[in-house]
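This report refers to the structure that appears directly beneath it.
Just so you know, all these numbers are worked out from the coordinates, no wet-lab data involved. From a predicted model like this one, the values you see are computed outputs, not experimental measurements. Here Cβ is always computed from backbone atoms with ideal geometry, including for glycine, and neighbour counts include all displayed protein chains.
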Amino acid sequence: MVPVVPPPIILATVLTVDHNQGLRRSLRTNFGLSTQAINARLDPDMDLLYLSETTLPGSLPCLAVLEQPGITIVTLRTGYLECVLPHNKEGRRPTSSLANLATGNCFLSANNRKVAIAAFSNQELEPERILLEVSHRPNLLDYLRTESFTLEISGAHRRRLTRPLSVQVMLEFTVE
């Protein structure tokens, strides 16, 4: 009898990288720090860092295969980022695109544990898609088989965003 190979899991979600509101202004507003104190302590490049995350339920239909008996290993096979372009009535090009993202990492976290699953470095001027480089292949079964887990992308901008950037994250997992 030939063993049945489970199909790969395709997980797609949209994350939004907020436009730059200024780390200095945020610290001044939220913590009451003076502008002089902020300028003396902050590297200007801190304004170019981003983080976007979403919490997803472990009960997503694409994860139903994980309930089958005999599933012991889930690894990231491939992944990519695509820009979700807003509808633009004036016909202008949106000012926030994947070209703004210089580098980044992709993480999964669940049950107070976090693991890096991929990274990217964007060398193109106007990419339509950024391929994720799978860094290593940890077993992600315990992360995806939980009540909920968090998917995060973080990294550095090439330049400041003037508008929020919506990014579709597509991940394909191999199931064994």
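Some values worked out for this structure:
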quantity: Which of 49, 140, 56 has the fewest Cβ neighbours within 10 Å, and the rest in rising order; calculated: 49, 56, 140
quantity: Exposure proxy ranking, count of Cβ atoms within 10 Å, fewest first, for 136, 157; calculated: 136, 157
quantity: Residue-span extension gain [residue 109 to residue 170] - 0.36 nm each, minus C-alpha spacing; calculated: 20.3 nm
quantity: Spread of Cα-to-Cα distances over 10 Å intervals beginning at zero, given as percent, for region 117-176; calculated: 14, 48, 26, 11, 0
quantity: Burial ordering of 85, 48, fewest other beta-carbon atoms within 10 Å first; calculated: 85, 48
